[in-house]
Amino acid sequence: MSCIFCKIANKEIPSDCVYETENIIAFRDLNPQAPVHILIVPKIHIASMNDINSENSAVISEIFETVNKIAEQEDIKDSGYRVISNCGEDGCQSVQHLHFHLVGGRKLSETLS
């Protein structure tokens, strides 16, 4: 498979990993939009939010439990942060592998770009 996030999950491409379990990997974004910008990715290939179902939804639950842990680890839990997942072309999804951006470390803009 030529999916970049699958290759990162399989350790074929190096990343600045900040958290990992059997089911997910979290790593620093190469083009950060804030002081803390971490991508949280399921290791199984799920193309987008549209492909979440009863067979793979447990990993999504684990991702959201992990957000809390990483926010605390990165010292942004109390100050606040944003979790974003883009879906589809109009939603600006650039990699066709479900992923969540954990962004914080400064006051974030109230508008979406």
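For residues that are open to solvent by less than 60 Å² (accessible area, probe 1.4 Å) and among the charged types (D, E, K, R), scanning just the stretch 33-92, find the one that is farthest from Cys3 (Cα to Cα). Top of the filtered list is Glu74. Within the stretch 53-74, track down each residue that is free of Cβ contacts under 8 Å to residues at least 24 places away in the same chain and charged (D, E, K, R). Matches in the stretch 53-74: Glu55, Glu65, Glu72.
To keep it simple, each residue is scored yes or no on (1) closer than 16 Å to Cys17 by Cβ; (2) free of Cβ contacts under 8 Å to residues at least 12 places away in the same chain; (3) touching a helix residue (DSSP H, G or I) at 6+ places or on another chain (Cβ under 7 Å).
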residue: Ile40; (1), (2), (3): yes, no, yes
residue: Lys43; (1), (2), (3): yes, no, yes
residue: Ser48; (1), (2), (3): no, no, no
residue: Asp51; (1), (2), (3): no, no, no
residue: Ile76; (1), (2), (3): no, no, no
residue: Ser94; (1), (2), (3): no, yes, no
residue: Leu98; (1), (2), (3): no, no, yes
residue: Glu110; (1), (2), (3): no, yes, no
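Among what's in the stretch 1-25 and is closer than 13 Å to Val59 by Cβ and in contact with a helix residue (DSSP H, G or I) (Cβ under 8 Å, 6 or more places away or on another chain), pick the residue that is surrounded by the fewest Cβ atoms within 10 Å (Cβ to Cβ). The extreme case among them is Thr21.
The values are calculated or read from the model by the stated rules, or taken from the named source; none is laboratory data. Because the structure is predicted, anything quoted here is derived from the model rather than measured. Methodologically, a virtual Cβ is constructed for each residue, glycine included, from the backbone with ideal geometry; neighbour enumeration extends over all protein chains shown. For accessibility, only protein heavy atoms count, side chains too; no ligands or nucleic acids. Shrake-Rupley method; radii C 1.70, N 1.55, O 1.52, S 1.80 Å.
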